[in-house]
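> My questions all concern the structure below.
The values are calculated or read from the model by the stated rules, or taken from the named source; none is laboratory data. Please read all numbers here as calculations on a predicted model, not as lab measurements. All Cβ positions, glycine included, derive from the backbone under ideal geometry; neighbour counts span all protein chains shown. With ligands, DNA and RNA removed, areas are computed over all heavy atoms of the protein, side chains included. Shrake-Rupley method; radii C 1.70, N 1.55, O 1.52, S 1.80 Å.
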Amino acid sequence: LVKVFETTDPRMRHTLEAWNEAMPDSVYANSAIAKMLSKSGWSMRGEEFVRRTWPEALRRGKALHGRAMDHAWQAFEAAPDYVPASDSVLSLSLNARPPHSLDQILDRAMTANPNRETLMRAMAGALPNWGGDPDFAIQICETHASKVSDVGDYSVETCLIDGVFFANLRGPIRKWAEGKLLDTTSPALESARRKAELIICSRNPTACGP
């Protein structure tokens, strides 16, 4: 449902701003406007690396993401178990500095509501091109995989394979995950398998048939 707020439509912006003005402490209003501002920020900035992005677009995108983080953090502080709030904070950390470190935020979110989606959102902290480290993926899977309550048999290895494909991590960790994916039948990795198949098709279109 919250996907509807991920828009740059000015009519939705006016609606959300009015909602937030009327209910400034609402977890739902703050989460909704954070989603809208996040989408607006990426639309303004684009998703290219800094060196390939117009400086003014960077500035404006960062400003919008800063505002989005303010709203997302207010919602998260009030309701750390509300997944759209925690997911916004974790996702926005790519382009807006949160008040606390990612691992501290994730600890709090996974204590309040341990779920796969939140754990995957935190994989942003493993992206080297955005200042992250692939070792962070290993760290959070070792710490939190066993807590995940909405997916059965979610081991550290399953979490790490899942995270590599969710965040599109590259390098040695990607080769490891691709090899391990061939050896597992875990239903939790269906999304990873689909992404792996698309990668194979992009590398070798003839392998995918007509």
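> Within region 68-159, what whole-number % of the accessible surface is contributed by carbon and sulfur, with the 1.4 Å probe and all protein chains included in the calculation?
Carbon plus sulfur share of accessible area: 45 percent.
> How big, in percent, is the set of alpha carbon pairs in the chain lying more than 22 Å apart?
Tail of P(r) above 22 Å: 54 percent of Cα pairs.
> Protein chains only, probe 1.4 Å: how do SER31, SER191, SER43, SER146 rank by accessible area, largest first?
SER146, SER43, SER191, SER31
> Which one, GLY179, MET110, GLN139, projects farthest toward the positive side of the charge dipole computed for region 91-210 from Cβ point charges (K/R +1, D/E -1)?
Working it through, the farthest residue towards the positive pole turns out to be GLY179.
> Any chance you could tell me what percent of the C-alpha pair distances in region 113-162 go past 17 Å?
Counting every Cα pair in region 113-162, those more than 17 Å apart make up 26 percent.
> Here is a follow-up. Using the per-residue mean of other Cβ atoms lying within 10 Å as a proxy for protection, in what order, highest first, do the peptides 126-138, 17-29 fall?
126-138, 17-29
> With every protein chain present, what is the per residue accessible area of the chain (1.4 Å probe, Å²)?
54 Å²
> For the pair ASN129/THR111, report the inter-label distance in nm, with labels modelled 7 Å from Cα in the Cβ direction.
A separation of 3.5 nm, rounded to one decimal place.
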